[in-house]
Amino acid sequence: MREKPNCDKWSQGGPIFALSRDVPPEETHRGPEAMSVAELVDHIRIDFHLVELELMKSLATSMDRLRGSSHPAWTSLCDAFQVVADELTAHMEKEEKVLFPWIRAGRGDLAHAPIRVMVLEHAETLGRLDALRERVRALGSASEADRLPAEVASALASLDRHVREHVHLENDVLFPRALRGES
Ligand SMILES: [Fe+2]
Ligand SMILES: [Fe+2]
């Protein structure tokens, strides 16, 4: 299995980029590989989709406060975040409404095309997160004394870490098993 994504880049910019304790859940008893495909789908839906929706909701509230504050340099970053949030929300909705029911039913071997689309969307989202990460890093040094940008940077780091683990689980564990027709 591929190594888990390295998110340490976020912490290279000093305390403002420190990761919060809100890290993706680890399976303490059984790893995802030991779960049935149906269990894995539930794990992803509950521990990643729902958590990321909450993280993005909270971040959107903080971003709104940033837009109305004296941090104009963050405004375009707020817009860039909104693009990621909208795309990720639509992506997860497609998985839950269309792809996951097929996979749970053991028909993932018939879902090559939608799985390919999901993998392409993952790559696009990760690219956008890379760009967001760089923009936060560039803004960070000028904002370390400001609490709100620091909070937003920390929350973005949490979301980034979560999404990378989420994508890893789908691309490298769930989808290969689904394509073999496991349920
Ligand atoms: Fe997902
Ligand atoms: Fe996905």
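Label sites at VAL119 and ALA60, each approximated as a point 7 angstrom past Cα along Cα to Cβ, lie 3.1 nm apart. In this structure, SER36 and ALA80 have a Cβ-Cβ separation that, at R0 = 41 Å, corresponds to a calculated FRET efficiency of about 0.60. Sorting 55-67, 168-180 by average packing, meaning the other beta carbons within 10 Å per residue, from highest down gives 168-180, 55-67.
When VAL117, VAL84 are arranged by Cβ crowding within 10 Å, least crowded first, meaning fewest neighbours, the order is VAL117, VAL84.
By the count of neighbouring beta-carbon atoms within 10 Å, fewest first, PHE100, PHE81 end up ordered PHE100, PHE81.
Summing Cβ point charges (Lys, Arg +1; Asp, Glu -1) relative to the Cα centre of segment 57-183 gives a dipole of roughly 140 debye.
Read the figures in this text as sums done on the coordinates, not as results from a lab. The structure presented is a predicted model; accordingly, all values stated were derived computationally and were not measured. Here the Cβ is made from the backbone with ideal geometry for all residues, glycine too, and neighbour counts use every protein chain on show.
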